[in-house]
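Shown next, in structure tokens, is the structure this report addresses.
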Amino acid sequence: MLKSVERLRISTINVVLVSALLLGALAEAALGEWQGAITFGVGGLCGLAGALNARRSGARDVTRLNALEWRDERDRTLAKLGFAVVGAVALLMVLAQFIVVVVTDTSHHSPFMWLTLSQLLILCIAWGIANSVAVRRG
Amino acid sequence: MVTSILVTMKSEVRSLRTAAGLSQGALAAELGVSRQTINAIETGRYDPSLSLAAQLSRYFKQSIEEIFDVEER
């Protein structure tokens, strides 16, 4: 395959993200919601431009990581480290949010409390599953 | 006896590459990795996987032990 065509192939995750945004733009346009259509459309095109920019042979490694365009094993290792930090920060933030909600919401029945509790449980379950998968592949 | 587990990896990739007259980008293209990965291996910031080490070994026709050496700190 031609090198230039090879370079234009963006990652599967970016194909999904860009497609979702552009389909969202089309759906909004069909409904006559032009503000949403423009927002989604611009978002999709920016995502596509970012992915194509990261595919350039001279792109910096941090550019590839930020654009989810991993080229080799080092990129994937660095991306895992980055996502691990994101996961730890998300877990701590949701835990802090849950504590604040429980302390401030005396009724204990607000939808926000249940939403926060669900987020915390889902993150903990995802963490447990990720650990099991990592150990099995280890 | 307590064995030290603090080790650093020394590689001969830079000297082999320059001896072959290759740029980092050219070697990266040969191995299907980024130029930054070759640079990180050469400067000791990244330890390659066994498969990448084997690729380098095959490319330079040297054993992995000849290219990479482990130093205890």
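Evaluated against (1) outside any helix (DSSP H, G or I); (2) on the phi < 0 side of the Ramachandran plot, A:GLY36 falls short on exactly one condition, (1).
Which one is modelled with the highest pLDDT, of the residues in the range B:56-73 that are of a type in the set (D, E, K, R) and in a helix (DSSP H, G or I)? Show your work before the answer.
Taking the range B:56-73 and keeping what is of a type in the set (D, E, K, R), we get B:58, B:61, B:65-66, B:69, B:71-73.
Checking which are in a helix (DSSP H, G or I) leaves us with B:58, B:65-66.
Values: B:ARG58: 97, B:GLU65: 92, B:GLU66: 93.
My answer is B:ARG58.
Here A:ARG56 meets the list (1) within 12 Å of another protein chain (Cβ to nearest Cβ); (2) modelled with pLDDT of 95 or more almost entirely, failing just condition (2). Which pairs turn up if I take residues in the range A:66-91 that are more than 13 Å from chain B (Cβ to nearest Cβ) and farther than 19 Å from B:TYR46 by Cβ and look for partners that are among the polar types (S, T, N, Q) and buried (at least 16 other Cβ atoms within 10 Å of the Cβ) with beta carbon separation below 7 Å, at least 6 apart in sequence or on another chain? Close Cβ pairs satisfying both conditions: A:LEU68/A:SER11; A:LEU68/A:ASN14.
How many residues does the range A:51-69 hold that are assigned to a loop (DSSP other than H, G, I, E, B) and within 14 Å of the chain's Cα centre (by Cα)?
Taking the range A:51-69 first, the residues assigned to a loop (DSSP other than H, G, I, E, B) are A:56-60, A:67-69.
Those still in the list that are within 14 Å of the chain's Cα centre (by Cα) too: A:67-69.
Going through the range A:51-69 one residue at a time, the tally reaches 3.
Just so you know, in the range B:46-63 the residues that are touching a residue at least 12 places away in the same chain (Cβ under 8 Å) and more than 22 Å from A:ASP75 (Cβ to Cβ) include one that is nearest to the other protein chains (Cβ to nearest Cβ), and it is B:PHE60. In the condition set (1) of a type in the set (S, T, N, Q); (2) closer than 23 Å to B:ALA40 by Cβ; (3) modelled with pLDDT under 95, A:ASN131 is compliant with all but (2). Taken together, A:ARG56, A:ARG64 contain a single residue that is loosely packed, with under 13 Cβ neighbours inside 10 Å, within 18 Å of B:GLY32 (Cα to Cα) and among the charged types (D, E, K, R), which is A:ARG56.
Yes/no matrix, rows are residues, columns are (1) part of a helix (DSSP H, G or I); (2) modelled with pLDDT under 95:
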| site | (1), (2) |
| --- | --- |
| A:GLY41 | yes, no |
| A:CYS46 | yes, no |
| A:ALA49 | yes, no |
| A:ARG71 | no, yes |
| A:LEU78 | yes, no |
| A:VAL89 | yes, no |
| A:ALA96 | yes, no |
| A:VAL103 | yes, yes |
| A:ILE125 | yes, no |
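Listed here are the residues, each with its yes/no results for (1) outside any helix (DSSP H, G or I); (2) exposed (fewer than 12 other Cβ atoms within 10 Å of the Cβ); (3) of a type in the set (Lys, Arg).
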site	(1), (2), (3)
B:LEU16	no, no, no
B:GLY21	yes, yes, no
B:GLU30	no, no, no
B:THR37	no, no, no
B:ASP47	yes, no, no
B:SER51	no, yes, no
B:ALA54	no, no, no
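Does the range A:95-113 contain at least one residue that is touching a residue at least 40 places away in the same chain (Cβ under 8 Å) and surrounded by 11 or more Cβ atoms within 10 Å (Cβ to Cβ)? Working first, answer last.
Quick first cut of the range A:95-113, residues touching a residue at least 40 places away in the same chain (Cβ under 8 Å) only: none.
There is no residue in the range A:95-113 that is touching a residue at least 40 places away in the same chain (Cβ under 8 Å) and surrounded by 11 or more Cβ atoms within 10 Å (Cβ to Cβ).
If you go through the range B:23-45 and keep only what is facing another protein chain (nearest Cβ under 9 Å) and either closer than 19 Å to B:ILE64 by Cβ or under 14 Å from the mean Cα position of the chain (by Cα) (or both), you end up with B:ALA28, B:LEU31, B:GLY32, B:VAL33, B:SER34, B:ARG35, B:GLN36, B:THR37, B:ALA40, B:ILE41.
The values are calculated or read from the model by the stated rules, or taken from the named source; none is laboratory data. Note that the coordinates shown come from a computational prediction; the quantities given were computed from them, not determined experimentally. We place every Cβ from the backbone using ideal geometry, glycine too, and count neighbours over all the protein chains shown.
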